[in-house]
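The values are calculated or read from the model by the stated rules, or taken from the named source; none is laboratory data. All of these numbers come straight from a predicted model, not from anything done at the bench. When we count neighbours, we look across all protein chains shown, and the Cβ atoms used for this are built from the backbone with ideal geometry, even at glycine. Surface areas here come from the heavy atoms of the whole protein model, side chains and all, with no ligands, DNA or RNA. Shrake-Rupley method; radii C 1.70, N 1.55, O 1.52, S 1.80 Å.
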Amino acid sequence: MVEAVAIRRANRTDLDAVRVIYNEGIEDRVATLNLDPKSADDVADWWTQHDERFAVIVATQSGAVVGWASLNRFSHRCAHSSIADLSVYVARYYRGKGIGYALLQRLADEARHGGFRKIVLHALNANEHGKRLYRKAGFREVGVFEEHGLLDGKLVDVVAMERLLR
């Protein structure tokens, strides 16, 4: 029997699990252009950029954090104050089990509650699993930035995607 996954707002005690899961994403080279693992201090600094509006949520199973997602500031320009950028990461063992989708659905609810009208993301264009997940969650591809980032010495393309929160 598969145990249900619970999704809730993150708290400071979740930060080590968030760091471990994010560092798996860095190591796997499919979800971020970051190359260096994040320290506890790095994640604590990142945490200070989030509040009631810029939510961080976690998925838990048997009390353990198995995934997380966040709404991040898209821009400091007031014209973009109703647009959020997102991050979503799932622990390796739990990928492909619907946790990322559940996190994205809850994050959309959090975004609506926070007064956002749109969520955007940028993903490695070669990440077909991620793009399939985002499309399933209601995102559409806006375009591809060619040779937009450097990953392990190679230029990679980055896709921009958006979801309008109607």
For this session: Name every residue in segment 118-166 that is in a strand (DSSP E or B) and among the basic types (K, R), in order of residue number.
Result: K118, R140, K154, R163
Exercise. Taking segment 40-81 on its own, how many of its residues are of a type in the set (S, T, Y) and at pLDDT 95 or above?
Worked result: 3
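Yes/no per residue for (1) in contact (Cβ under 8 Å) with a residue 40 or more places away in the chain; (2) more than 16 Å from the chain's Cα centre (by Cα):
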| residue | (1), (2) |
| --- | --- |
| A102 | yes, no |
| R106 | yes, no |
| E110 | yes, no |
| G138 | no, no |
| H148 | no, yes |
| A160 | yes, no |
| L164 | yes, yes |
Exercise. Is there a residue being more than 16 Å from Y22 (Cβ to Cβ) and open to solvent by less than 30 Å² (accessible area, probe 1.4 Å) anywhere in segment 51-58?
Worked result: yes
For this session: Within segment 82-93, identify whether any single residue is touching a helix residue (DSSP H, G or I) at 6+ places or on another chain (Cβ under 9 Å) and charged (D, E, K, R), and answer yes or no.
Result: yes
Seminar exercise, completed: Scanning segment 74-123 for residues that are hydrophobic (A, V, I, L, M, F, W, C) and surrounded by fewer than 16 Cβ atoms within 10 Å (Cβ to Cβ) gives C78, A79
Exercise. Looking at I26, I21, which is the one that is of a type in the set (V, I, T), surrounded by 15 or more Cβ atoms within 10 Å (Cβ to Cβ) and in contact with a Gly (Cβ under 9 Å, 6 or more places away or on another chain)?
Worked result: I21
For this session: Of the conditions (1) in contact with a helix residue (DSSP H, G or I) (Cβ under 6 Å, 6 or more places away or on another chain); (2) in contact (Cβ under 8 Å) with a residue 60 or more places away in the chain, A69 clears all except one; give me its number.
Result: (2)
